[in-house]
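Only one structure is covered here, and it is reproduced in the block below.
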Amino acid sequence: QVQLVESGGGLVQPGGSLRLSCATSRGIFSIYTMGWYRQAPGKQRDMVATITNAGITNYADSVKGRFTISRDNAKNTVYLQMNSLKPEDTAVYYCNARHSLASSWGQGTQVTVSS
């Protein structure tokens, strides 16, 4: 329902950093809980980080202390700052927007951390 477009993925060495961005198509962005999820080949899609419309954040244990999710309601955009990247962070990263029972996904952006 809500159109989401991710950007900022790429190839980075272990220990490096990337910032992902997710732009939304709706003017009611501020009411949504936003999140970043990731999926590696042959594995399920897992939650990485979420942020509510009140700014409350939640992180997967595997990224806590390394990744930071933030949102800019004026730009209808959510970000994921990824520091100290590890090879096991390699995956397609997806942006998610949800409100009540509705949920929307972006097309995904590839993040590859080389060994």
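Can you tell me which residue within the stretch 82-115, out of those that are in contact with a Ser or Thr (Cβ under 9 Å, 6 or more places away or on another chain) and aromatic (Phe, Trp, Tyr), is most open to solvent (accessible area, probe 1.4 Å)?
The residue in question is Tyr94.
Within the stretch 73-85, identify whether any single residue is on the phi > 0 side of the Ramachandran plot and in contact (Cβ under 8 Å) with a residue 40 or more places away in the chain, and answer yes or no. It would help to see each step written out before you state the result.
Just the residues of the stretch 73-85 that are on the phi > 0 side of the Ramachandran plot, to begin with: 76, 84.
Subset that is in contact (Cβ under 8 Å) with a residue 40 or more places away in the chain: 76, 84.
The answer is yes, given that some residue of the stretch 73-85 is on the phi > 0 side of the Ramachandran plot and in contact (Cβ under 8 Å) with a residue 40 or more places away in the chain.
Do any strands (runs of 3 or more DSSP E) entirely within the stretch 1-68 hold 1 or more residues that are open to solvent by 40 Å² or more (accessible area, probe 1.4 Å) and among the polar types (S, T, N, Q), and if so, which? I'd like the intermediate steps shown before the answer.
Numbers: elements: 4-7, 10-12, 18-24, 33-39, 46-51, 57-59.
Those strands (runs of 3 or more DSSP E) span 4-7, 33-39, 57-59.
Of all the residues that make up the stretch 78-115, how many are among the basic types (Lys, Arg) and under 29 Å from Ser30 (Cβ atoms)?
Going through the stretch 78-115, the residues among the basic types (Lys, Arg) turn out to be 86, 98.
Keeping just the survivors that are under 29 Å from Ser30 (Cβ atoms) gives 98.
Here the count works out to 1.
Scan the stretch 86-115 for residues that are touching a residue at least 60 places away in the same chain (Cβ under 8 Å), among the hydroxyl-bearing types (Ser, Thr, Tyr) and part of a strand (DSSP E or B) and jot them down.
Tyr93, Tyr94, Ser104, Thr109, Thr112
The values are calculated or read from the model by the stated rules, or taken from the named source; none is laboratory data. In this text, all values refer to a predicted model and were calculated from it rather than measured experimentally. FYI the Cβ positions are ideal-geometry reconstructions off the backbone, even for glycines, and counts take in every protein chain you see. Surface areas here come from the heavy atoms of the whole protein model, side chains and all, with no ligands, DNA or RNA. Shrake-Rupley method; radii C 1.70, N 1.55, O 1.52, S 1.80 Å.
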